[in-house]
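Here is the structure we will look at, set down as structure tokens.
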Amino acid sequence: MSLRKKNPTATRARILLSAGEEFRRFGFQAARLNAIVENSGITKGSLFHHFAGKDDLAQQWMKETLPPLLDEQWLSPLRDATDPIQTIKGILREQSRVVESTAASEFFGNPLAILIPSIAPSDDTLHQTMHDLQQQWHRSISEALLRGQQNRMVHPAIQPADEAHLIMSLSIGLELHAKSSGYSVVSGFLRSAIAYLDTLRPA
């Protein structure tokens, strides 16, 4: 009896886990199906039973993995934040802590940030899925900053939507910079990010 027949749910979950590691390490375009099959401990036929191909696998992984991660790291903390600036500082500090506490050989980066550049503009399906996630991310920060203005915790003259784009770029940049330049950049990057966030306070 095949492993798929024994426990198809577990097999699918194992494929997605292996795929996530491959996507985070190499990006969507360079990810290797053979490596995913080998690391999952399955046959290629089993993979194609669960997924139509690499594009389908990538899309399903994104839809099942990234929304809960986005909610945990950004949406939930900001949803009821009275002081969004303090909350965002905390998110970036935690992101920095995770980067610095991960062994270099195991650091693939936060998939919310690290995979954005690996999606080809011509790949409409993956691009749309990531675009939808980025829109949720942007809206969450914008709405939190707007509430902060109403609570007089954020400067009334800022444009929440504009600042939200910059804050997202800080999170993405931290991951990409750490991956390309090493962990030594993290502490200085974080100090500058915190200093920028303090400029959003009321005068």
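The numbers here are math on the coordinates, done by the rules we state, and not lab data. Remember, it's a predicted structure, so these values are computed and weren't measured experimentally. Glycine also receives a Cβ, built like all others from the backbone with ideal geometry; neighbour counts cover every protein chain displayed.
Just want the answer: with Cβ charges of +1 for Lys and Arg and -1 for Asp and Glu, which residue in 104, 61, 87 is farthest toward the dipole's positive end in segment 38-188?
Toward the positive end, the furthest listed residue is 87.
Taking only Cα atoms, what is the 0 to 90° angle, nearest 10, from helix 8-30's long axis to the longest principal axis of the chain?
On a 0 to 90 degree scale, this one is about 60.
To the nearest Å, what is the center-to-center distance of segment 9-26 and segment 78-125, using C-alpha atoms only?
With segment 9-26 and segment 78-125 each reduced to a Cα centre, they are spaced 19 Å.
Pairs of alpha-carbon atoms within less than 8 angstrom and 6+ residues apart define the contacts here; what relative contact order does the chain have, in percent?
Numbers: 183 pairs, mean separation 47.9, N = 203.
Over the chain, the number comes to 24 percent.
How high is the relative contact order of segment 103-186, given as a whole-number percent (alpha carbon pairs under 8 Å, six or more residues apart)? Show your work: numbers first, answer last.
On the way: 48 pairs, mean separation 30.2, N = 84.
The normalised contact order for segment 103-186 reaches 36 percent.
Pop a pseudo-label 7 angstrom from the Cα along the beta-carbon direction at both residue 192 and residue 86 and give the gap in nm to one decimal.
Between residue 192 and residue 86, the simple spin-label model gives 2.7 nm.
Take 116, 194 and order them by how many other Cβ atoms sit within 10 Å, fewest up front. Before the final figure, lay out the partial values.
Numbers: 116 18, 194 14.
Fewest-to-most ranking of 116, 194: 194, 116.
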